[in-house]
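Have a look at the structure below before the remarks.
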């Protein structure tokens, strides 16, 4: 017998996906930011769900508005990473019977405010008792048929970009982040982007998802990584750059652009958004290899973003 | 400050629904078996979610195949109660890191088998660590536009029917029930049915949902209630009839048929299904009043089906 802890989250998901079997033709199942399903007309449906659990994604004393914000924000960020448009959501809540109603109402208010700001309508859900507060948000969105931006479209030579700045989200951003919904939709519709993911596990871990799904490699330039003020101000054993590379839950967008369009893309982005967008490297042919160029040295990077179940 | 326990599940849901506000025109939100949303073309979308939590919906020693079966079965039963067709699902799992992978794979196998038997495709989900095993199943289905069978359509004079037999589900049916998907779809498409719900909280509690949403009353005939063998064989303080009236999780379909069509309906049902379907009473004009006719006495019934959060 093998426990979930011994396997780690990625292997657990791989084995559960094996039980479920291959999705039908034309359907994207497990392994991208959302599932993609055919719908009537000229749209594809996007389905995603995310859990936030007390003690893991927030703490017992986290302000309830921020808990609801984070729960909905994670789902919105998934839609953004597919270039999609949020539409409908259900919220399952698990809570101890001793929970104060006013606290739960504040959690929902935080969820509702962020959802409303991005056109996501919460239309139902379920409630159950349990030892810890949890929210499970299930979202339905859409994208023009065939236009979902997958993790698997990166090609050697593509330039790698990331929005915003990275690292140190534990100082607050992991609860208060603005999901890049408008940016993701624009990126999807612009035609510039070959592959995209949101930075939830950490820059390196999520870039690894892209290179694995795309069967390519990548090299990133250490000096170009947009290190956040939060990463710089946090003290501890990790350098600010290490935080930007490995910390999870920044919920920025990480994506690839064809090399001959990188300049036009950067110009178009600047005209459209104030949010910074930084070129941090390029896709290579060295399948599965992820390297950091830093001070004229080339370092091979392991994926060591956050993995559920496994101790760090 | 007020706790969830003090309020009980129905009031908790009512207050959370108030935070979320009214759904947009043409959308069914909280308060039916599924949400109903407009889609492209000639279909409406159905969205539902259900949680099963260790210690509440199953026990630590429940066979894992049955846990997965129950989790998916609840969602399928919701679609059935709307006259809908299941299509897509996501499964969020919460599990202790010490869970054996083989156990979790069996849970998923139970989920996958029942889903596959009813055309529901599981295409994704999320995983998280937590103290107890939980599954949250989110389902997407569809129904012909405007044809979802609501709880709110019952009219005075309608005859009340229920499928199968009731009570004693704790003896095993709550884990092994067959969701009435084909029956629910046929009922919806037949045009006979004015209102429908699945029996999850208990016959009386769920009939109360129908009369409240429909602004009517109902009377049921004690001698006609299809009491299950399980209800008769269980011993304890409750009579078999009381179990049939109040036990939850039978996942049968409870519905109303216009009086002048009741005979034609019963004939059509018998031609189509072997599953028994029993007329148990009628809808009245006495708004909010729910009575049981038994041995020439008329008893007023309170809703006392299962309520989460509240101690019984």
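Going by C-beta contacts inside 10 Å, put B:166, B:7 in order with the fewest on the left.
Least to most surrounded, the residues fall as B:7, B:166.
Between residue A:263 and the same site in the other copies, what are the distances in nm, shortest first, taking label points 7 Å from Cα along the C-beta direction?
Result, one decimal in nm: 8.5.
If you average 1/r over all unlike Cα pairs in chain A and invert the result, what Kirkwood radius do you get in angstrom?
That comes to 20.0 Å for chain A.
Averaged across the residues of B:25-36, what count of C-beta atoms belonging to other chains lies within 10 Å of each residue's C-beta?
Mean shielding count: 3.
What ranking of B:78, B:260 emerges when the number of other C-beta atoms within 10 Å of each C-beta is taken as an exposure proxy, fewest first?
B:260, B:78
Sorted from fewest to most neighbouring beta carbons within 10 Å, what does the list B:143, A:227, A:140, A:36 look like?
Going from sparsest to densest Cβ surroundings: A:227, B:143, A:36, A:140.
What value in Å³ per residue do you get for the convex hull of the alpha-carbon atoms in the range B:142-232?
Normalising the Cα hull of the range B:142-232 by residue number yields 110 Å³.
Please report, to one decimal in angstroms, the Kirkwood hydrodynamic radius of the range B:200-244 built from all distinct Cα-Cα pairs.
Here the Kirkwood hydrodynamic radius works out to 11.8 Å.
State the Kirkwood hydrodynamic radius of the range B:31-144 in Å, one decimal place, computed from all pairs of distinct Cα atoms.
With all distinct Cα pairs of the range B:31-144 included, I get 14.3 Å.
Stokes-Einstein at 10 °C, 1.306 mPa s, Kirkwood radius from Cα pairs: D for the range A:102-195 in µm² s⁻¹?
My calculation gives 95 µm²/s for D.
Work out, in µm²/s and without decimals, the Stokes-Einstein translational diffusion coefficient of the range B:64-123 at 20 °C, 1.002 mPa s, Rh from Kirkwood over C-alpha pairs.
Estimated via Stokes-Einstein, D reaches 181 µm²/s.
Rounded to two decimals, what is Rg over Rh for the range A:159-300 when you use alpha-carbon atoms and the Kirkwood radius?
With Rh from the inverse mean 1/r over Cα pairs, Rg/Rh is 0.95.
So, R0 is 30 Å and r is the distance between the beta-carbons of residue B:229 and residue B:264; what FRET efficiency does that work out to, to 0.05?
Step by step, r from the Cβ atoms, then E = 0.50.
In nm to one decimal, list the spacings between the residue B:236 label point and its equivalents in the other copies, with label points set 7 Å along Cα to Cβ, shortest first.
Residue B:236 label point versus its equivalents elsewhere: 4.9 nm.
Measuring from a point 7 Å out along Cα→Cβ, what nm distances, shortest first, does residue B:14 have to its partners in the other copies?
5.2
What length, rounded to one decimal in nm, is gained on full extension from residue A:239 through to residue A:22, with 0.36 nm per residue of separation minus their alpha-carbon distance?
Length gained between residue A:239 and residue A:22: 73.9 nm.
Scaled to the compact-protein estimate 2.2 N^0.38 Å, what is the alpha-carbon radius of gyration of the range B:2-65, rounded to two decimal places?
1.53
Can you give the mean number of other chain Cβ atoms that lie within 10 Å of the Cβ atoms in peptide B:12-23?
6
After finding the eigenvalues of the alpha carbon gyration tensor for the protein assembly as shown, what semi-axes result from the square roots of 5 times each, listed largest first in whole Å?
Equivalent ellipsoid semi-axes, largest first: 48, 24, 22 Å.
Where does the range B:220-279 land on Rg(C-alpha)/(2.2 N^0.38 Å)?
1.32
Where a number appears in this text, it was derived from the coordinates with a stated rule and is not lab data. Predicted model only: the values in this text are computed from it and were never measured. Using ideal geometry, Cβ is built from the backbone for each residue, glycine included, and neighbour counts are taken over all protein chains shown.
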